[in-house]
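Visitor: Once you've had a glance at the structure underneath, I'll fire off some questions.
The values are calculated or read from the model by the stated rules, or taken from the named source; none is laboratory data. Treat the numbers as computed from the prediction; the structure is a model and nothing was measured. Positions of Cβ are generated from backbone atoms using ideal geometry, with glycine treated the same way; all protein chains shown enter the neighbour counts.
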Amino acid sequence: MGWLPPQNQPAAGGPPPLAVEHVTLRYQTDAGTVTAVEDVSFTIGAGERLALLGPSGCGKSTLLRAVAGFLKTSSGEIRLHGAPVRAPGPDRMVVFQEFDQLLPWRTVAGNIAFALRRARGLGRAESFERARDWAGRVGLGGFADAYPHTLSGGMKQRCAIARAFAVQPAILLMDEPFAALDALSRRRMQDELLDLCEETGATCLFVTHAIDEALHVGTRVLVMTPHPGRIGAEYSVPDAARQRGTPDFGRLEMEIQQRIFGAALPEAKSAASLAARTDARPRLEVTHNV
Amino acid sequence: MSESTLSTSARPAPFTLGPRARRLVILVGLALIWESYARWLGNSLLLPSFLETLVALWENLRNGELPERVRASLGILLTGYGIGIGVAAIITALAALSRWGESLLGLLTAMFNPLPAIALLPVALLWFGVGASSLVFVIVHSVLWPLALACHAGFRAVPPTLRMAGRNIGLTGPSYVVGLLIPAALPSILSGLRLGWAFAWRTLIAAEMVFGASAREGGLGWFIFVNRSQLETANVFAGLLTVILIGLAVESLVFSTLNRLTVQRWGQEA
């Protein structure tokens, strides 16, 4: 299957696929103005996969929604290949965490094909041909004609991922796409996503609260700190540190963990005291070292 | 112990019927109760028996009176229903796309939904005179508000993720309404259409009875009204039975089929 021309074709040596420049995001609640993200800047180069890592409530998903065009920035600018982001669009395909992101009245192939028709203006026959191809690539070859309600959560996420990749956006935005999956499916999906990204050279912004996921999927990791959301630290992940169980992976994981929880926390007590402190809220996922 | 519970649940019940058969048994039971009570009462002026009603139904079908009345009623009903759906579609589309439209819909439904259509009939007679247009007007009123309310509730219940997914692939304006909101809200829309159909029927029959005094030609409601004044009670019951039969037919043929082909197939049923 041939490739579609890339969206927002970058000029050689031109602006990066994504530039977030001094972005602040505020929203109104009954209690007053909440600053979700404050003065955050970063860029993502072509083919880079940036993992935005942080605990719940650090504003990472809010930031992703602003990049997707669903939220307006209070100040600062988000640029896609140099052009300011004003509205949602298929040059930034989003994979959400929730399973209800697929259109229930369309089959697996229908969902992918509809996105191709709307986003890339393909004809019916060609969009379905591509859709079936993509369904096969994410392991849904036998389910191309199945309706979403007959699929498991993992299969729905596969379909959403296929839909996002098929459109070949300038950048893929992933908002904790595996957070609602069981641990085993999550591991498998992470590996498959990594393969797809490396195969297609896709540029990604990947939001997650799991350190191991950030290291496995991202080529760079930005750690965000909450209240208000700011960039706390940046790590680049060398290829050698991408595989779980390797010493490099372990070292980097430990380093990020200490960065997030502070070096003062004694190892043995850290998990218990963290659980006690953040009782009601979903907790930052800590994977203990091998 | 678990073994014994398993074997009890696995054993087929001695007397099981499918939903269709169950419904048929209930219908036969009701007809039997009707028939025996009417015979015991022995006053066919007050309550004709089931069989007498069937005979009257057959007679009126054969002499062409009832088919003519049904045709007249259905013609007006479908006109009003169609216009009601069209206006409801426009108002809810406005409400889905703008805050002003939403406020307009909210206010209009709050004002007019509790207003019985029959209460508007005098105004309709004043504006449109005695005739089909007045009937169509009150039917539109009875269909429009409950349908618009159901559609709007359906639109509002569309999950935010699905909305974002739709806008993400480039749906905006009319394509967003047609390509995302309407199919996503279809369960509510279908139940609104059902409700609207029932309201339209009630309004029509009631309005035709008010009309009956002044118009020469009429539909089913007029048929019922005239036969009551002539003390042809069996014919009155035959008219009522016709209303019920048409309702059942539309429900099982049209709405159930629509439901099966869409929301059931897509797993959207509430």
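Visitor: Among the residues of the range B:177-200, are any surrounded by fewer than 21 Cβ atoms within 10 Å (Cβ to Cβ), over 24 Å from B:Q268 (Cβ atoms) and more than 14 Å from every other protein chain (Cβ to nearest Cβ)?
Guide: No - not one qualifying residue is present in the range B:177-200.
Visitor: Could you check the range A:71-87 and list, in sequence order, the residues that are of a type in the set (S, T, N, Q) and crowded, with 16+ Cβ neighbours inside 10 Å?
Guide: Once the filter is applied, which keeps residues that are of a type in the set (S, T, N, Q) and crowded, with 16+ Cβ neighbours inside 10 Å, the range A:71-87 yields A:T73, A:S74.
Visitor: Still on this structure, I have one more. Within the range A:214-245, how many residues are assigned to a loop (DSSP other than H, G, I, E, B) and over 18 Å from A:D175 (Cα atoms)?
Guide: 8
Visitor: Would you mind stating whether B:P174 is modelled with pLDDT under 90, surrounded by fewer than 22 Cβ atoms within 10 Å (Cβ to Cβ) and within 14 Å of another protein chain (Cβ to nearest Cβ)?
Guide: So B:P174 fits the description; yes.
Visitor: Sort out which residues of the range A:80-135 are touching a strand residue (DSSP E or B) at 6+ places or on another chain (Cβ under 6 Å) and of a type in the set (K, R), and write them in order of number.
Guide: The answer is A:R92, and nothing else.
Visitor: Continuing with the same structure: In the range A:71-98, what count of residues is obtained for those that are out of contact with any helix residue (DSSP H, G or I) (no Cβ under 9 Å at 6 or more places or on another chain) and within 14 Å of chain B (Cβ to nearest Cβ)?
Guide: Count: 1.
Visitor: Can you pull out every residue in the range A:189-203 that is out of contact with any Gly (no Cβ under 8 Å at 6 or more places or on another chain) and either free of Cβ contacts under 8 Å to residues at least 40 places away in the same chain or closer than 20 Å to A:F249 by Cβ (or both)? Steps first, please.
Guide: Initial filter on the range A:189-203 (out of contact with any Gly (no Cβ under 8 Å at 6 or more places or on another chain)): A:190-191, A:193-200.
Passing the criteria: A:Q190, A:D191, A:L193, A:L194, A:D195, A:C197, A:E198, A:E199, A:T200.
Visitor: For the range A:158-177, give me each residue that is away from chain B (no Cβ under 11 Å) and either closer than 15 Å to A:T203 by Cα or of a type in the set (A, V, I, L, M) (or both).
Guide: A:I161, A:A162, A:F165, A:Q168, A:A170, A:I171, A:L172, A:M174
Visitor: Another question, then. Consider only pairs whose beta carbons are under 8 Å apart and that are at least six residues apart or on different chains; among these, list those whose first residue lies in the range A:11-39 and is part of a loop (DSSP other than H, G, I, E, B) and whose second residue is among the aliphatic types (A, V, I, L, M) and at pLDDT 90 or above.
Guide: The qualifying pairs are A:P16/A:I44; A:P16/A:A46; A:P17/A:I44; A:P17/A:A46; A:P17/A:L80; A:P17/A:A170; A:P17/A:I171.
Visitor: Take the residues in the range A:104-119 that are of a type outside the set (D, E, K, R) and part of a loop (DSSP other than H, G, I, E, B), then tell me which one is surrounded by the most Cβ atoms within 10 Å (Cβ to Cβ).
Guide: That would be A:T107.
Visitor: Ok, one more. Of these, B:T109, B:T161, which one is in a helix (DSSP H, G or I), of a type in the set (V, I, T) and in contact (Cβ under 8 Å) with a residue 40 or more places away in the chain?
Guide: Result of the check over B:T109, B:T161: B:T109.
Visitor: Further question on the same structure: Which one of the conditions (1) under 29 Å from A:S152 (Cβ atoms); (2) more than 9 Å from chain B (Cβ to nearest Cβ); (3) buried (at least 24 other Cβ atoms within 10 Å of the Cβ) does A:A68 fail to meet, given that it meets all the rest?
Guide: Here A:A68 clears every test but (2).
Visitor: Just a yes or no: is a residue in the range A:43-60 crowded, with 21+ Cβ neighbours inside 10 Å, touching a strand residue (DSSP E or B) at 6+ places or on another chain (Cβ under 7 Å) and assigned to a helix (DSSP H, G or I)?
Guide: Yes, the range A:43-60 contains at least one residue that is crowded, with 21+ Cβ neighbours inside 10 Å, touching a strand residue (DSSP E or B) at 6+ places or on another chain (Cβ under 7 Å) and assigned to a helix (DSSP H, G or I).
Visitor: Looking at (1) surrounded by fewer than 20 Cβ atoms within 10 Å (Cβ to Cβ); (2) among the polar types (S, T, N, Q); (3) within 8 Å of another protein chain (Cβ to nearest Cβ), which one does A:Q101 not meet, given that it meets all the others?
Guide: Of everything listed in (1) surrounded by fewer than 20 Cβ atoms within 10 Å (Cβ to Cβ); (2) among the polar types (S, T, N, Q); (3) within 8 Å of another protein chain (Cβ to nearest Cβ), A:Q101 misses just condition (1).
Visitor: Quick test of your reading of the structure: B:P48 fulfils all but one of (1) outside any helix (DSSP H, G or I); (2) over 24 Å from B:R202 (Cβ atoms). Name the failing condition by number.
Guide: Evaluating B:P48 over (1) outside any helix (DSSP H, G or I); (2) over 24 Å from B:R202 (Cβ atoms) leaves (2) as the failure.
Visitor: So, one more: Read through the list (1) surrounded by 16 or more Cβ atoms within 10 Å (Cβ to Cβ); (2) not in a helix (DSSP H, G or I), then give the number of the only condition that B:F223 fails.
Guide: The number of the failed condition is (2).
Visitor: Right, next: Return only the number of the condition from (1) more than 14 Å from chain B (Cβ to nearest Cβ); (2) over 27 Å from A:A66 (Cβ atoms) that A:V108 does not satisfy.
Guide: Answer for A:V108: the failing condition is (1).
Visitor: Another question about this same structure. Consider A:L122 against the criteria (1) in a loop (DSSP other than H, G, I, E, B); (2) under 27 Å from A:G154 (Cα atoms): it satisfies all of them except one. Which criterion is unmet?
Guide: If we test A:L122 against (1) in a loop (DSSP other than H, G, I, E, B); (2) under 27 Å from A:G154 (Cα atoms), just (2) comes out false.
Visitor: Being among the hydrophobic types (A, V, I, L, M, F, W, C) and either over 25 Å from the mean Cα position of the chain (by Cα) or in a loop (DSSP other than H, G, I, E, B) (or both) is the filter here; which residues of the range A:136-153 pass it?
Guide: If the condition is that a residue be among the hydrophobic types (A, V, I, L, M, F, W, C) and either over 25 Å from the mean Cα position of the chain (by Cα) or in a loop (DSSP other than H, G, I, E, B) (or both), then A:V138, A:L140, A:A144, A:A146, A:L151 are the ones that fit.
Visitor: Taking interchain pairs and intrachain pairs at least six residues apart, which have beta carbon atoms under 9 angstrom, with the first residue in the range B:256-270 and within 13 Å of chain A (Cβ to nearest Cβ) and the second aromatic (F, W, Y)?
Guide: B:T262/A:W105; B:V263/A:W105; B:R265/A:W105; B:R265/A:Y147; B:W266/A:W105; B:W266/A:Y147; B:G267/A:Y147; B:Q268/A:W105
Visitor: B:R194 - would you say it is of a type in the set (D, E, K, R), in a helix (DSSP H, G or I) and closer than 20 Å to B:F155 by Cα?
Guide: yes
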